[in-house]
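Scroll down for the structure; my scribbles are underneath it.
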Amino acid sequence: MIRETDNYYLSQQDPNKSCLLALRKIILEQDNAITETRKWGMPCFCYRKKMFCFLRTDKKTKKPYILFVEGKHLDHPQLEQGNRSRMKIFTIAPNSDLSLNTIRFLLKKALDLYRKGTLKIE
């Protein structure tokens, strides 16, 4: 049986599909308290029911990215804020090897905002 969260990935074309599925696995491996749902038609990952990141593809470039909900608290040269006040994105080149160290580092920093109490979990 296909879960609702699987439909987003299944609707993507390779190489984005493979890239997004790999990112999904990496995100879910970071902590047992992470759950996946769909919000606004895209995969949303929550830490103890608090949204912390999304997976999406850019409408213009078609490149996948990780959107960090509380990105304003994260400082990294590869994060882009654009015109967002709260969120930042990390764009992925789907035809290249994933930058696993950078992705895991950013996910850890995002999760640590909640784990260390910088942001409250209600």
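List of remarks:
- A Gaussian network model of the chain, with springs between Cα atoms under 10 Å, assigns the largest mean-square fluctuation among Arg48, Arg24, Arg84 to Arg84.
- Close amide H contacts of Lys50 (hydrogens built in the peptide plane, cut-off under 5 Å, sequence separation of 5 or more or a different chain): none are found.
- Filter on Lys62/Lys108; Lys62/Lys88; Lys63/Lys116; Lys17/Lys49; Lys59/Lys116 - keep pairs with C-alpha separation over 23 Å: Lys62/Lys108; Lys63/Lys116; Lys17/Lys49; Lys59/Lys116
- Selected from Thr35, Asn83, Phe54, residue furthest toward positive end of dipole (the stretch 4-115; charges at beta carbon): Asn83
- Length released on extending from Arg104 to Arg86, taking residue separation times 0.36 nm less the Cα-Cα span: 4.4 nm
- Per-residue 3J(HN,Hα) values for the stretch 11-18, derived from phi via the Karplus relation 6.51 cos²θ - 1.76 cosθ + 1.60 with θ = phi - 60°, read 7, 8, 9, 5, x, 4, 4, 4 Hz in sequence order (x marks Gly and Pro).
Laboratory data are not the source of any read-out in this text; all were calculated from the coordinates shown. What you see is a predicted model, and the numbers here were worked out from it, not measured in a lab. Counting neighbours? That spans all protein chains shown, and the Cβs are built from the backbone with ideal geometry, glycine included.
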